[in-house]
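Visitor: My structure is below; once you've seen it, I'll send some questions.
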Amino acid sequence: MQNRVSFKSIQAFEAAARLSSFALAAEELFVTPSAVSHQIKLLEEQFGVRLFHRVHRAVVLTDAGRVYAEKVSAAFARIDIATRELGRTAKSDILTVHSTPSFATQWLMPRLARFSALEPDIDVRLNSSYPAPADLLTQGVDIDIRYGMKRLQPAGTMVLPFPAETIVPLCAPSLANGTHAIRAPEDLRHHTLIHSEVCLISWRDWMRQHRKVPLDISRGPRFDRSFMAISAAVDGLGICLESLLLAQRELASGQLVAPLGLAGPKVQGYTFNLLRSRAELPKIRSFQDWLFSELEGRCSRFEV
């Protein structure tokens, strides 16, 4: 015997069983009570089982109908849950961004709330766990923010350079205005130099521009992440040579100052990397437009 029945019949039965009324089921389903009765009668005839007792103007489930109703109701509940989850997925994109730790910590994370306010249907997943640049083809990453010398990228990769960033000496106000105040490059000789080993401009490069300044660049703590060097400078450990882009928050809050001014060498260290085939996805385009708008607009107050 063919046991497959129409979804309309099952839907009519579930509604009538739940509401204990053909009339209320018909109202819910936007059909007539006779249509509901007809669909249920088809079920009863197909399986040779009475599902309802017709008592005057009311309907009461039979024992078989009650068992069937429990199972059908559970199935409809699962369908309802699946539909709700699908609805949430359909209106929310997941954007996976990989970034260098320092850019993620110092610049991107403090601003993500602004992007979420503009694009509430995009959930950002930010990570910086890979020691090397992310593989856009195999690691499920939509965007990779990289730092350093440009490397040969796989075919189909788009590389968009960030605006140039300025590198200057930075320190805590207590050092800049302390016993050995810093008013000129020569004053740095009285202070500990903090080294950012990944920064494209080092103290050795800085000394080439200030050949008459006697600094011992062999001494001082060294860090392989810019965010650690900036944090050490905030704590008063010494003078770091770092990016105004990465230190914006500390400069704005007064935790750091640029004792020799905001002018300095410029480097183009960061790049925005994505697959050309995915460049026009709305979630990627929205994030790209927002990020470059932030870089070119809000970031300019500490650039000269």
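Visitor: Normalising by the residue count of the chain, find the relative contact order in percent from Cα pairs under 8 Å and 6+ residues apart. Before the final figure, lay out each step's value.
Guide: Details: 431 pairs, mean separation 59.0, N = 304.
Computed value for the chain: 19 percent relative contact order.
Visitor: Hey, can you find the accessible area per residue of the chain for me, probe 1.4 Å, expressed in square angstrom?
Guide: In whole numbers, the chain has 56 Å² accessible per residue.
Visitor: At 1.306 mPa s and 10 °C, plugging the Kirkwood radius over alpha-carbon pairs of segment 100-180 into Stokes-Einstein gives what diffusion coefficient in µm²/s? Please report the intermediate quantities before stating the final value.
Guide: Working: Rh = 16.0 Å.
D = 99 µm²/s.
Visitor: Taking the chain as a Gaussian network, where each spring joins two C-alpha atoms under 10 Å apart, which residue of Ser92, Ser20, Ser128 fluctuates the most?
Guide: With Cα springs under 10 Å in the chain, the top fluctuation among Ser92, Ser20, Ser128 is at Ser20.
Visitor: Would you kindly derive the ³J(HN,Hα) couplings of segment 67-73 from the backbone phi angles with the Karplus curve 6.51 cos²θ - 1.76 cosθ + 1.60 (θ = phi - 60°), listing them in order in whole Hz, with x for Gly and Pro?
Guide: 5, 5, 4, 4, 6, 5, 4
Visitor: Within segment 234-287, list the GluC sites (Glu not before Pro) lying in a DSSP loop whose Cβ has at most 12 other Cβ atoms in a 10 Å radius. Each step should come with its number before you reach the end.
Guide: Details: sites: Glu242, Glu250, Glu280; in loops: Glu280.
Sparse-neighbourhood loop GluC sites (Glu not before Pro): Glu280.
Visitor: In whole percent, how big is the carbon plus sulfur part of the accessible area of the chain, probe 1.4 Å, protein atoms only? Before the final figure, lay out the partial values.
Guide: Numbers: 9160 of 16970 Å².
Answer for the chain is 54 percent, counting heavy atoms of protein chains only.
Visitor: Taking every DSSP beta bridge with both residues inside the chain, roughly what % is antiparallel (nearest 5)? Numbers along the way, then the final one.
Guide: Numbers: 20 of 33 bridges.
Around 60 percent of the beta bridges assigned by DSSP in the chain are antiparallel ones.
Visitor: Rounded to the nearest 5, what % of DSSP beta bridges with both residues in segment 156-293 are antiparallel?
Guide: Percentage antiparallel, nearest 5: 75.
Visitor: Hey, what's the Kirkwood Rh for segment 166-303 if you take every pair of different alpha carbons, in angstrom? Don't skip to the answer; put the middle values down first.
Guide: Values: mean 1/r = 0.0618 Å⁻¹.
Result for segment 166-303, one decimal place: 16.2 Å.
Visitor: Okay, next question. Would you calculate, for the chain, the mean residue ellipticity at 222 nm contributed by helices, counting each DSSP H stretch of 4 or more residues as -39,500 (n - 2.57) and dividing by all residues, to the nearest 500? Numbers along the way, then the final one.
Guide: Values: 10 runs with 112 residues, N = 304.
About -11000 deg cm²/dmol.
Visitor: Could you tell me the relative contact order of segment 198-251? Use alpha-carbon pairs under 8 Å, at least six residues apart, and round to a whole percent.
Guide: Numbers: 24 pairs, mean separation 18.4, N = 54.
The normalised contact order for segment 198-251 reaches 34 percent.
Visitor: Residue by residue, what Karplus-based ³J(HN,Hα) values in Hz, rounded to whole numbers, does segment 207-215 have, using 6.51, -1.76 and 1.60 with θ = phi - 60° and x for Gly and Pro?
Guide: 5, 5, 8, 9, 5, 8, 8, x, 10
Visitor: Here are several values of mean projected area of the Cα convex hull in nm²: [x] 14.9; [y] 26.6; [z] 24.8. Which one was derived from the coordinates shown?
Guide: [z]
Visitor: If you put +1 on each Lys and Arg Cβ and -1 on each Asp and Glu Cβ, how big is the dipole of segment 1-69 around its Cα centre, in Debye rounded to 20? Each step should come with its number before you reach the end.
Guide: On the way: 8 positive and 6 negative charges, 19 e Å.
The calculated dipole for segment 1-69 is roughly 100 debye.
Visitor: For segment 153-296, what does the relative contact order come out to in percent, with C-alpha contacts under 8 Å and a separation of six or more? The partial results should precede the final answer.
Guide: Working: 224 pairs, mean separation 61.6, N = 144.
Here the relative contact order equals 43 percent.
Visitor: Trypsin sites (Lys or Arg not before Pro) within segment 1-91: which are DSSP loop residues with at most 11 other Cβ atoms inside 10 Å? Please report the intermediate quantities before stating the final value.
Guide: On the way: sites: Arg4, Lys8, Arg18, Lys41, Arg50, Arg54, Arg57, Arg66, Lys71, Arg78, Arg84, Arg88, Lys91; in loops: Arg4, Arg50, Arg57, Lys91.
Passing both the DSSP loop test and the Cβ count: Arg4, Arg57, Lys91.
Visitor: Quick one: which residues, 5+ away or cross-chain, put their amide H under 5 Å from the amide H of Phe52? H built at 1.01 Å from N.
Guide: For Phe52, whose amide H was placed from the backbone, the distant partners under 5 Å are Thr62.
Visitor: Moving to a separate point now. DSSP beta bridges in segment 22-133, what fraction antiparallel, as a percent rounded to 5? Don't jump to the answer; show the numbers that get you there.
Guide: Details: 4 of 10 bridges.
Antiparallel bridges: around 40 percent, rounded to the nearest 5.
Visitor: If you plug each phi of segment 243-249 into the Karplus form 6.51 cos²θ - 1.76 cosθ + 1.60 with θ = phi - 60°, what whole-Hz ³J(HN,Hα) values come out, in order, with x for Gly and Pro?
Guide: 7, 5, 4, 6, 9, 4, 5
The values are calculated or read from the model by the stated rules, or taken from the named source; none is laboratory data. It should be emphasised that the depicted structure is a prediction, and the values quoted were computed from it without experimental measurement. Ideal geometry is used to build each Cβ from the backbone, glycine not excepted, and the neighbour counts take in all protein chains shown. Side chains are part of the model used for accessible areas, which takes the heavy atoms of the whole protein and leaves out ligands, DNA and RNA. Shrake-Rupley method; radii C 1.70, N 1.55, O 1.52, S 1.80 Å.
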